[in-house]
Amino acid sequence: MAARVEVEEFDGNPTGSLLSGPGGAALVGMMQDKLNSMMGKSSGFIETLPRQMRARIEFLRELQDKHDDLADEYSKELKTLREKYEALYDPLYKERNEVVLGKKEVPAEYADRSEEAEEAGQAAAKTEPEKDEEPIAPGIPGFWLGAMRAHPLISEHLSQKDEDILEHLTNIECEELEGEEDEDGDEIAGFRLSFHFAKNPFFDHDVLTKTYHIFEEDGEPILHKAEGTAIEWKSGKNPTVKVMKKKAKAGKGKQAGKMLTKTEAVASFFNFFSPPQEPEEDAEMEEEEIEELREALEADFELGATFRSKLVPNAVRWYTGEANEEDEDEDDEDYDDDEVGDDDEDDEDDDDDDEEDDEDEEDEPMEGQAKAKSSSKAKAQRAAQALGDKGAKPPECKQQ
């Protein structure tokens, strides 16, 4: 006689009859409240669920594992793709620099394309200066300063003293740093900006660098630290400080007429090379100080990211103004979207029309102010976009 085998069937709703009975709704509510209170907690939460629900979660875990595997593949392929195109970009940047510095002259065919030649109806523009023409400077002097002036975010950091120094800027390079594990096992990557200078009366450095070390935590970039060149300024040439002198008043222990010198920090682009630093982990800070530090760190990273993803790769378009024209078109579109009109309000009597005309004349400056505000908003949006171009967001301040 064959043994009888009992097969346990998978009941998709084992509590259905129980919950449908008297008091079932209250029981469902109690169970849901308990689940909600335990959700997201790893200590014993899953084990308290019904067997069928645990089975569903196990299936979802497998789906999540497959997703994570694909995400890892995506990251590896993205890194490989990025490295491939950075290698292709590099010779273009080098050739751009040679033309800017006057080390390489462009073929004559590019002179033939100039608008001046077309307007004059010339078959070909002459590359040699005529006898009465002044010699043309080699390369494109002030190229990088011109590009920086054109960018709305970067230009906000430039003072006149800064521009006098940046006249000697010959190139800006961006290098992506290879990931290295630190003592905690975190992979630290990031990027380095190099600002190359010709010989100048302000400092002896050939290159000023700014380096951002970044690691990821839960897919979010976290700023590990930022480092900049400690600039050794020549006497009286430091644009980041204001020197004030005054004669000391006669008094106890003071000699009358002696000159006292006091320095005061001032806004300057070159503060960029002295980034804000996070305090030691055991340092005590007020909430307001933490917030100020976080804002300073984010603003510093935002400026660096703008050079990395906006200015360096698109320097020519910023220098020519093409990039700014595109942004201005976006500003106009934003402003048009913000305008509110109502044709029915124009159907008023003559007296009301006259009053509205008078009010319109008075409100014209206000309209300009509205446009200015819209433009400022667009600038902020463009600056924020710079952070996302290479898959990065503003790094968070680790101090909590």
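The values are calculated or read from the model by the stated rules, or taken from the named source; none is laboratory data. Quick caveat: nothing in here was measured; it's all calculated off a predicted structure. As a convention, Cβ positions derive from the backbone with ideal geometry for all residues, glycine included, and neighbour counts pool all protein chains shown.
Name the residues in region 223-243 that are surrounded by fewer than 16 Cβ atoms within 10 Å (Cβ to Cβ) and of a type in the set (A, V, I, L, M, F, W, C), would you?
Ala230, Val241, Val243, listed by residue number.
Which number in (1) more than 22 Å from Lys79 (Cβ to Cβ); (2) surrounded by 14 or more Cβ atoms within 10 Å (Cβ to Cβ) marks the one condition that Val207 misses?
Every condition holds for Val207 apart from (2).
For region 165-251, which strands (runs of 3 or more DSSP E) that fit wholly inside it have 3 or more residues that are modelled with pLDDT of 85 or more and under 17 Å from the mean Cα position of the chain (by Cα)?
Output list reads 169-181, 187-197, 207-217, 220-228.
Residue under question is Glu302, and the condition is that it be assigned to a helix (DSSP H, G or I) and modelled with pLDDT of 55 or more; does it hold?
yes
Under the condition of being crowded, with 18+ Cβ neighbours inside 10 Å and of a type in the set (A, V, I, L, M), which residue from region 280-308 is farthest from Arg149 (Cα to Cα)?
Leu297
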